[in-house]
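Colleague: Questions regarding the structure given below will be posed in turn.
The values are calculated or read from the model by the stated rules, or taken from the named source; none is laboratory data. It should be emphasised that the depicted structure is a prediction, and the values quoted were computed from it without experimental measurement. Using ideal geometry, Cβ is built from the backbone for each residue, glycine included, and neighbour counts are taken over all protein chains shown. Areas reflect the complete protein model, heavy atoms only, side chains present, ligands, DNA and RNA absent. Shrake-Rupley method; radii C 1.70, N 1.55, O 1.52, S 1.80 Å.
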Amino acid sequence: DAGVTQTPRHEVAEKGQTIILKCEPVSGHNDLFWYRQTKIQGLELLSYFRSKSLMEDGGAFKDRFKAEMLNSSFSTLKIQPTEPKDSAVYLCASSGLAYYAEQFFGPGTRLTVL
Amino acid sequence: GQGVEQPAKLMSVEGTFARVNCTYSTSGFNGLSWYQQREGQAPVFLSYVVLDGLKDSGHFSTFLSRSNGYSYLLLTELQIKDSASYLCAVSPYNTNTGKLTFGDGTVLTVKP
C-alpha cells in the first residue's frame, strides 16, 4: 500500500508568487489534512476535508491559503501571494474513518519564500 | 498547540528510560495519540489511548488519567536512535470528527 505522497519535496518562491502543493492520500482514507509546521509555531492545521467536503479551513489562514480536493485521491494547497513568513514545512496527512486516531503523514514540502 | 501542553525538551541517557509528559484541557475528549518525529521527517504514529491506566507496549508504554487531563509516553531501554520529537495529540470532540489537536512536541535527546 502506498503511503501519503506529496510533491514537490522542496519549493523556492519569490515573494508574491503563487505556488501549488500537491498531495495524494492513502487509498480509501476519508479524512485529509493540510498542516504547516515551524519550530516556533509547531503543527498548525490549515485545512481539513472529510470525503472531499471542506470541514475546516484553518481560520487565520483563509486569506492567502486555499486547499481543494476535487477527487478522493488528490488534493492541492495554493498559496497566493506568497510571503517570506510562509517559509515552513507543509505536511499532508490522511486517516480512515475506522481509526481516526492514526494519521498517516506525507514526507512534506519544504517551502522557502525569498 | 492550544489546549495541549508538553515540555519543550527532555534529556536522558542511553540504556535508561525517559517519560514524556502531556497535559490537555480541551472541550470533550475522545482519546489521545502519540507520534514520533525524527529530524527532517514526518510524524509517525506510535500509540493511541482512551482508557485510564498504563498501556504496556514494550519499548513504548503510555499512561492516561482522564480526570487529571494528563498522559505520558514512557520509553524504556533507551537507544540513541530514540532521539526525536514526541508529539501528543488529542481528539477533543465528542462528535464524529477526525481532527486532532497537537501539542508542540517534546524534543528528547538521548546521550551515550
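Colleague: Within region A:1-109, which strands (runs of 3 or more DSSP E) (wholly inside it) include 3 or more residues that are not hydroxyl-bearing (Ser, Thr, Tyr)?
Modeller: Those strands (runs of 3 or more DSSP E) span A:10-13, A:19-24, A:31-38, A:42-50, A:53-56, A:65-71, A:74-79, A:88-95.
Colleague: Which members of region B:90-112 meet the condition of being more than 8 Å from every other protein chain (Cβ to nearest Cβ) and modelled with pLDDT of 95 or more? First the steps, then the outcome.
Modeller: Narrowing region B:90-112 to residues more than 8 Å from every other protein chain (Cβ to nearest Cβ): B:90, B:92-96, B:101, B:106-112.
Answer for region B:90-112, where residues must be more than 8 Å from every other protein chain (Cβ to nearest Cβ) and modelled with pLDDT of 95 or more: B:Thr106, B:Val107, B:Leu108, B:Thr109, B:Val110, B:Lys111, B:Pro112.
Colleague: Here's another thing I want to ask about it. Identify the single condition in (1) open to solvent by 20 Å² or more (accessible area, probe 1.4 Å); (2) in contact with a Cys (Cβ under 9 Å, 6 or more places away or on another chain) that A:Gln37 does not satisfy, given that it satisfies every other one.
Modeller: Going through (1) open to solvent by 20 Å² or more (accessible area, probe 1.4 Å); (2) in contact with a Cys (Cβ under 9 Å, 6 or more places away or on another chain) one by one, A:Gln37 breaks only (2).
Colleague: Next question, about the same structure. Could you pull out the residue among A:Glu56, A:Glu83 that is over 23 Å from B:Gly103 (Cα atoms) and open to solvent by 50 Å² or more (accessible area, probe 1.4 Å)?
Modeller: Matching residue, one of A:Glu56, A:Glu83: A:Glu83.
Colleague: Restricting to region B:61-77, name every residue that is out of contact with any Ser or Thr (no Cβ under 6 Å at 6 or more places or on another chain) and open to solvent by less than 50 Å² (accessible area, probe 1.4 Å).
Modeller: B:Ser61, B:Ser65, B:Ser71, B:Tyr72, B:Leu75, B:Thr76
Colleague: For region B:11-45, enumerate the residues that are in contact (Cβ under 8 Å) with a residue 24 or more places away in the chain and open to solvent by 50 Å² or more (accessible area, probe 1.4 Å).
Modeller: Answer for region B:11-45, where residues must be in contact (Cβ under 8 Å) with a residue 24 or more places away in the chain and open to solvent by 50 Å² or more (accessible area, probe 1.4 Å): B:Met11, B:Val13, B:Glu14, B:Gly15, B:Thr16, B:Phe17, B:Arg19, B:Thr23, B:Ser25, B:Ser27, B:Arg38, B:Glu39.
Colleague: Being closer than 23 Å to B:Phe102 by Cα, out of contact with any Leu (no Cβ under 8 Å at 6 or more places or on another chain) and in contact (Cβ under 8 Å) with a residue 40 or more places away in the chain: is that true of A:Leu91 here?
Modeller: No; evaluated as a whole, the condition is false for this residue.
Colleague: Taking region A:86-113 on its own, how many of its residues are exposed (fewer than 15 other Cβ atoms within 10 Å of the Cβ) and at pLDDT 95 or above?
Modeller: So the answer is 1.
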